[in-house]
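Some notes on the structure that comes next.
The values are calculated or read from the model by the stated rules, or taken from the named source; none is laboratory data. Not measured: the values here are computed from a predicted model. When we count neighbours, we look across all protein chains shown, and the Cβ atoms used for this are built from the backbone with ideal geometry, even at glycine. Each accessible area value is taken on the protein alone, full model and side chains, heavy atoms only, with ligands, DNA and RNA left out. Shrake-Rupley method; radii C 1.70, N 1.55, O 1.52, S 1.80 Å.
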Amino acid sequence: MGDKSRIEWTDSTWTPIRSRRLDTGKVGVHCERVSEACRNCYAATFNRRSLPVHGTGLDFTRPNRDLVEIFVDEDLLLAPLRWKRPRRIFVCSQTDLFGEFVPDEQIDRVFAVMALCPQHTFQVLTKRPERMLQYATTGFGRLADEIVRLRSSRGDNGVVCPVPWLPPGAAWWPLPHVWLGVTGEDQPSAEKRIPLLLRTPAAVRFLSAEPLLGPVDLTRWLAYNDPSDGSPVYRMKDLHWVITGGESGPAARPSHPDWFRSLRDQCVAAGVPYFFKQWGEWLPMCHQERSIDYPEIVADRANGAPEYGWPENRVYRFGHLECYRVGKRAAGRLLDGVEWSQFPDGLGGAR
């Protein structure tokens with residue numbers, strides 16, 4: 001967890017759901033890979049190598065679930081209550097709050113703290129929208145009880161809270177300062193997850209296409225409106241924000257620039273905020289703005305269609321387009337010379 005985060009679209013990270021090894025007592029996090037976006041998970045690497053400070057030493061696999069105890073770190077859980085300055089907070093950045101390994105009661109506790117911190121904006125991202133939908137449509141009655149218990153245990157009756165005593169189905173749900181999103185790294189994952197996200201009650205719904213591993217077409221979720229002057233205007237129905245980014249790390253896979261351009265153009269046409277987080281390790285030659293020793297790099301050229309996992313090659317070819325492995329910092333985050341850092345309007349965002 002970090003009071004300050006290097007993730008460009010958030011201010012802080014908050015992961016109160018932790019895991020403890022049953023044999024050694026080492027504390028870290030647990031998660032389980034569910035799609036290609038998880039292949040090179042940085043949190044799994046940190047946890048396996050016990051980086052930066054904590055880690056169980058275990059990989060994010062289903063068998064390792066039986067080797068750990070999932071618990072709520074009480075000190076971390078209450079941290080947002082101590083953060084007075086309003087900020088965007090990425091919830092469970094190192095795991096998945098809606099993972100099947102997280103009990104409902106622990107999700108309740110995380111949401112209870114979020115409910116008690118209306119000064120912040122919480123960003124919850126999952127690859128398990130089925131459970132998020134189930135929780136968002138059935139769990140708020142139980143959550144109201146958890147909020148009352150949390151306030152009572154803290155003797156904190158003066159805290160500004162939009163919910164604590166309201167019955168199930170009251171107007172406080174969904175929480176206006178909690179954004180819910182899904183990862184859609186390619187078209188199949190977007191097709192699977194976005195429809196479930198759009199059925200989920202949320203103040204703001206967002207898509208994170210990072211790492212972007214293929215083109216994503218969102219037009220089936222666009223609505224066409226004909227304004228009074230007859231000019232065509234496209235507006236996103238219920239998707240309020242789109243984040244895109246390339247992959248970083250030793251085994252990072254490159255992304256074609258047209259994949260980013262397409263999503264940018266779809267968002268611009270729909271009037272939806274677009275955030276281009278990074279190129280990642282690979283930069284297309286057409287975007288190269290720094291001096292690089294091309295002869296040395298070209299000597300390692302790899303031809304052919306993209307494949308997963310290229311830790312050694314310095315050049316990657318999409319047909320006639322060459323991408324150079326320059327590193328995340330050198331690649332930067334300019335798309336066609338523009339930094340795209342748009343957010344939904346206000347703390348609650350568009351509905």
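Looking only at residues that are small (Gly, Ala, Ser) and under 16 Å from the mean Cα position of the chain (by Cα) in the stretch 204-219, which one is surrounded by the fewest Cβ atoms within 10 Å (Cβ to Cβ)? Residue satisfying both the conditions and the ranking: Ser208. Condition (residue is open to solvent by less than 10 Å² (accessible area, probe 1.4 Å), hydrophobic (A, V, I, L, M, F, W, C) and farther than 21 Å from Leu196 by Cβ) applied to the stretch 46-55: is it met by at least one residue? Checked against the condition, which is being open to solvent by less than 10 Å² (accessible area, probe 1.4 Å), hydrophobic (A, V, I, L, M, F, W, C) and farther than 21 Å from Leu196 by Cβ, the stretch 46-55 yields no hits at all.
Of note, Met114 does not satisfy the criterion of being touching a Ser or Thr at 6+ places or on another chain (Cβ under 9 Å), crowded, with 21+ Cβ neighbours inside 10 Å and of a type outside the set (S, T, N, Q). The set of residues from the stretch 236-248 being outside any strand (DSSP E or B), under 17 Å from the mean Cα position of the chain (by Cα) and of a type outside the set (A, V, I, L, M) comprises His240, Gly245, Gly246, Glu247, Ser248. Quick check on the stretch 157-168. Is at least one of its residues within 30 Å of Arg33 (Cα to Cα) and either at pLDDT below 80 or assigned to a strand (DSSP E or B) (or both)? Among the residues of the stretch 157-168, not one is within 30 Å of Arg33 (Cα to Cα) and either at pLDDT below 80 or assigned to a strand (DSSP E or B) (or both), which makes the answer no.
Looking only at residues in the stretch 255-271 that are part of a loop (DSSP other than H, G, I, E, B) and open to solvent by 10 Å² or more (accessible area, probe 1.4 Å), the one that is nearest to Leu212 (Cα to Cα) is His256.
Residues in the stretch 1-29 that are part of a loop (DSSP other than H, G, I, E, B), modelled with pLDDT of 95 or more, crowded, with 18+ Cβ neighbours inside 10 Å and touching a helix residue (DSSP H, G or I) at 6+ places or on another chain (Cβ under 8 Å): Thr15, Pro16, Val29.
Under the condition of being assigned to a strand (DSSP E or B) and of a type in the set (A, V, I, L, M, F, W, C), which residue from the stretch 180-203 is surrounded by the fewest Cβ atoms within 10 Å (Cβ to Cβ)? Going through the qualifying residues, I end up with Leu180.
Give me the pairs: first residue in the stretch 117-130 and modelled with pLDDT under 95, second residue surrounded by 23 or more Cβ atoms within 10 Å (Cβ to Cβ) and among the basic types (Lys, Arg), beta-carbon distance under 8 Å, and six or more apart or on different chains, which are they? Hits for this filter: zero, empty list.
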